[in-house]
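Contents: one structure, followed by commentary.
The values are calculated or read from the model by the stated rules, or taken from the named source; none is laboratory data. Predicted, not measured: the structure shown is a model, and the values here were computed from it. Note that each Cβ is placed from the backbone with ideal geometry, even for glycine, and that neighbours are counted across all protein chains shown.
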Amino acid sequence: MDTKQFIDLENEYGAHNYHPLDVVITRAEGVWVTDVDGKRYLDCLSAYSAVNQGHVHPKILKAMIDQASKVTLTSRAFRNDQLGLFYKQLSEMSGYEMALPMNSGAEAVETAVKLARKWGYIKKNIPQEKANIIVVEGNFHGRTVTIISFSTEPAYRANFGPFTPGFKAVRYNDAKAIEDAIDEYTAAVMVEPIQGEAGVVIPADGYITKVRQICNEKNVLMIADEIQTGLGRTGKFFACQHENVKPDVTIIGKALSGGFYPISAVLADKDILGLFKPGEHGSTFGGNPLAAAIGRAALSVIEEEKLSQRSAELGAYFLEQLQEINAPVVQEIRGKGLFIAIELKKSAGGARKYCERLMEEGILAKETHDDVIRFAPPLVIDKETIDWALERIRKVLQSV
């Protein structure tokens, strides 16, 4: 079967809830993917940062195969010999005392919302059913009904109400707006240290530090959604570490499995995560032995291959070289580590056609919010490959 036949199958039998580029990938290794017609592409999306370690990393693959031949699922009704080791490794690498594993990033966000509410009622003595959580405009935390209830993107909300109450949205990159929104019923502030889906929106220096200070002063939890930005993507293990900030709760996912399996987790210290009691929260697959074994290997690769450092060094080079491109269609080029955005002027006519041209040149990137092209290659990329990409990116930006 060729590309068109595969696309026709998807369009005929699958729900149309995505607008993918018309490439059908059949194999992948490292930073490269190959389509069904044999053409090779540089992956500059990394499955939205889920494959920071590169596609089909051999160490993670081996861990998956080895564990799959032993036991894959016990549910949490019984213990398994991988989960405790996974917890310990997460604690040592993250600095948090405890972890609660889930599957998707959205599930972890939901877990953090429940945790914050219980903390508010138990620790802060907020009256029952009164707790609120402060979020910021432009946020993206997932697509469950509760999560879209505090989204400010109309496309995520239209025709999906009624919505879950208990959230207040304020301007991003405005610490005073957060401070002004906090009241006696506020349990937490939840923020992305860099907004990914909004277009790699980077706040001003000191913003995360100020949010941390406000949360301390007002006795509310600071929750950081690091599902995309964490695990090395921005040049630090967590993006909040650029300001030496430790949130009360950090949410991770995506690269926690290196792309092999849906794994997410909520990280916090014992005085917070210890509030959950048996029966109050759980997941049949969350923390299963296959996930734990894969997660352990994925974390080891980040540490052993120094992927955070690679992201910092190569990201700085990639960003610097992109900013030297002279293309009238470009409004701004910004990034941190290997998390980079090219924002186009409105007059450019949208980013989609640029992504399609990049695909023709052998680079897979994806538009976000109409006018932004996001570049987030696997962190195992090398300088020579970045130079190869830069030549083609320059050509596309200057010719479309």
### Message
Against the definition (part of a loop (DSSP other than H, G, I, E, B), touching a strand residue (DSSP E or B) at 6+ places or on another chain (Cβ under 7 Å) and crowded, with 21+ Cβ neighbours inside 10 Å), how does Ile223 come out, yes or no?
### Response
no
### Query
Residues in region 96-103: is at least one aromatic (Phe, Trp, Tyr) and within 22 Å of the chain's Cα centre (by Cα)?
yes
### Task
Residues being more than 17 Å from Cys215 (Cα to Cα), touching a helix residue (DSSP H, G or I) at 6+ places or on another chain (Cβ under 7 Å) and either surrounded by fewer than 24 Cβ atoms within 10 Å (Cβ to Cβ) or among the polar types (S, T, N, Q) (or both): count how many of those fall in region 235-248.
2
### Per-region count, region 353-368, residues under 13 Å from Pro20 (Cα atoms), among the acidic types (Asp, Glu) and either part of a loop (DSSP other than H, G, I, E, B) or in contact with a strand residue (DSSP E or B) (Cβ under 7 Å, 6 or more places away or on another chain) (or both)
1
### Summary
Within region 389-400, of all residues that are crowded, with 21+ Cβ neighbours inside 10 Å and more than 26 Å from the chain's Cα centre (by Cα), the one nearest to Ala348 (Cα to Cα) is Leu397
### Task
State all residues of region 249-286 that are among the basic types (Lys, Arg) and out of contact with any helix residue (DSSP H, G or I) (no Cβ under 6 Å at 6 or more places or on another chain); if no residue qualifies, say none.
Lys270, Lys277
### Residue count, region 384-400 (criterion: part of a helix (DSSP H, G or I), within 16 Å of Val330 (Cα to Cα) and among the hydrophobic types (A, V, I, L, M, F, W, C))
4
## Note on the structure
Per the list (1) touching a residue at least 60 places away in the same chain (Cβ under 8 Å); (2) surrounded by fewer than 21 Cβ atoms within 10 Å (Cβ to Cβ); (3) part of a loop (DSSP other than H, G, I, E, B), residue check on His141 breaks on (2)
### Query
Within region 170-194, which residues are farther than 19 Å from Phe237 by Cβ and not aliphatic (A, V, I, L, M)?
Arg171, Tyr172, Asn173, Asp174, Lys176, Glu179, Asp180, Asp183, Glu184, Tyr185, Thr186
### Exclusive hit being crowded, with 21+ Cβ neighbours inside 10 Å, in contact (Cβ under 8 Å) with a residue 60 or more places away in the chain and in the same structural domain as Asn326 (by TED's automatic domain parsing), set Ile373, Ile386
Ile386
### Task
Spot the failing condition for Ala155; the list is (1) surrounded by fewer than 15 Cβ atoms within 10 Å (Cβ to Cβ); (2) in a helix (DSSP H, G or I); (3) touching an Asp or Glu at 6+ places or on another chain (Cβ under 9 Å), and only one is missed.
(3)
### Message
Could you list, ordered by first residue, the pairs with Cβ atoms under 9 Å in which the first is in region 84-107 and over 19 Å from Leu307 (Cβ atoms) and in the same structural domain as Cys240 (by TED's automatic domain parsing) and the second is part of a loop (DSSP other than H, G, I, E, B) and among the basic types (Lys, Arg), at least 6 apart or interchain?
### Response
Tyr96/Lys246; Ala106/Arg143
